[in-house]
1. Of the numbered conditions (1) among the polar types (S, T, N, Q); (2) open to solvent by less than 40 Å² (accessible area, probe 1.4 Å); (3) not in a loop (DSSP other than H, G, I, E, B), N128 fails exactly one; give the number of that condition.
2. Collect the residues in segment 25-54 that are over 27 Å from L135 (Cβ atoms), surrounded by 18 or more Cβ atoms within 10 Å (Cβ to Cβ) and in contact with a Leu (Cβ under 8 Å, 6 or more places away or on another chain), keeping them in residue-number order.
3. Go through segment 57-85 and report how many residues are out of contact with any helix residue (DSSP H, G or I) (no Cβ under 8 Å at 6 or more places or on another chain) and β-branched (V, I, T).
4. State all residues of segment 1-24 that are open to solvent by 30 Å² or more (accessible area, probe 1.4 Å) and part of a loop (DSSP other than H, G, I, E, B); if no residue qualifies, say none.
5. State yes or no: is T89 surrounded by 18 or more Cβ atoms within 10 Å (Cβ to Cβ) and touching a residue at least 12 places away in the same chain (Cβ under 8 Å)?
6. Could you tell me which of the residues I108, I146 is part of a helix (DSSP H, G or I), over 18 Å from L73 (Cβ atoms) and of a type in the set (A, V, I, L, M)?
Amino acid sequence: LNKNVGEYIKFSKEIGLKTSIISNASRMTNSWLMNYGKYLDQIGISCDSLDNDTNTNIGRGFGNHVEITERALTRINKMNNEFDLNIQTKLNTVVLRDNHLEDWNKFILKNNVQRWKVFKILKIIGENDHIYDELSINDNEFYSFIKRHQGLQDKNILIKEDNADMKSSYIMISPDGKFYQNHNNKYIYSDNILDIGFKD
């Protein structure tokens, strides 16, 4: 959506930062990857279900998100092979009522996913609290999903994050330039960073 994101990645890599993006991959074209793939250390793709209807029902994509995800992973793997790059492939999945019985083992291995972050749905007041109850799962259901993919966890591919792991574990900046953080299941925001400075 941001037409300059490739240039931001290039600049970041050139000044010595580790570069990583998370995307739904819907606009990850071959030409974009050809221009900017060499500046990326990692590409993460968000996909919550192996069933397109489930993805659509929870607001992810328009009925072809599994194919878009697989297409992007194929393109990244192909670029790595053809141009001797080392872009790490990552997948992000939120486990919830509609997908907690799925088996991702074959998909992860077939598409050479090197890191799979699996999150338990987290209630955020003002964000998803209006639908949380119908989407939520309990700890037993979450850990049953993890156990089903124990082989991937043993290979250090699957990294689980339950609700406790996600709280205060990320530095996040909103589009309007404010730090924000999950506090008691609600996002709290700082003043604008450019107005008051990073330290304050």
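The values are calculated or read from the model by the stated rules, or taken from the named source; none is laboratory data. This one's a predicted model, so the numbers in the text were calculated from it and none came from an experiment. Virtual Cβ from ideal backbone geometry, glycine too; neighbours counted across all protein chains shown. For the accessible areas, the whole protein counts, side chains as well, though only heavy atoms, and no ligand, DNA or RNA atoms are used. Shrake-Rupley method; radii C 1.70, N 1.55, O 1.52, S 1.80 Å.
1. Exception for N128: condition (3).
2. G37
3. 3
4. Hits for segment 1-24 are L1, N2, K3, N4, I15, G16, L17, K18, N24.
5. Against the criterion (surrounded by 18 or more Cβ atoms within 10 Å (Cβ to Cβ) and touching a residue at least 12 places away in the same chain (Cβ under 8 Å)), T89 qualifies.
6. I146
Yes or no, residue by residue, for (1) within 22 Å of D98 (Cα to Cα); (2) at pLDDT 85 or above; (3) open to solvent by 60 Å² or more (accessible area, probe 1.4 Å):
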site	(1), (2), (3)
N112	no, yes, yes
L122	yes, yes, no
I146	yes, yes, no
I159	yes, yes, no
G177	no, yes, no
G197	no, yes, no
